[in-house]
Amino acid sequence: MVGVSQRLRLLGQSLDIAFLTAATHGGADAVSQKTGIVPVIISTIEDKTQYIQSLSGGTIVVVGTEGAATKLLTAADVLVFAPLDALDLFLCPKCLTATLHA
């Protein structure tokens, strides 16, 4: 199977993907170049929560534990700890459906 960048490019063909980051470590531009996804720079947990809650009609996935505050977790439909696990759920719609039914 392909890596994170390739999975994101593949998923971006059929899904709207939001990449929320505070860009604390300065890697947002590199991620954007590799994936084709323009990052949304958000610095506070309140702004992240507001952005997530403004999304409608979609599934929200929180990946990893960094930045996964309680406010975000309560807004999320799915929590996974590894990026590849999250992407694989979306590449396998039946797996995601099963997860959401749990």
Fluctuation leader among Ala86, Ala30, Ala69 - the chain, Gaussian network, Cα springs under 10 angstrom: Ala30
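How would you rank 35-41, 8-14, highest first, on the average number of other Cβ atoms within 10 Å across their residues? Each step should come with its number before you reach the end.
Values: 35-41: 15.3, 8-14: 13.7.
Order by mean packing, descending: 35-41, 8-14.
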The chain, helix-only ellipticity at 222 nm - DSSP H runs n ≥ 4, -39,500 (n - 2.57), divided by all residues, nearest 500: -14000 deg cm²/dmol
Expressed in nm to one decimal, what extension gain is obtained for the pair His25 and Thr97 from 0.36 nm per residue of sequence separation less their Cα-Cα distance? 22.5 nm
Full-stretch length increase - Asp47, Asp16 - with 0.36 nm per residue and alpha-carbon distance subtracted: 9.2 nm
Roughly how many nanometres apart are two label points built 7 Å out from the Cα toward the Cβ at Ser32 and Gln6? 2.5 nm
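Read the figures in this text as sums done on the coordinates, not as results from a lab. On a predicted model such as this, the values are computed, not experimentally measured, just so you know. Cβ atoms come from the backbone with ideal geometry, glycine included; neighbour counts cover every protein chain shown.
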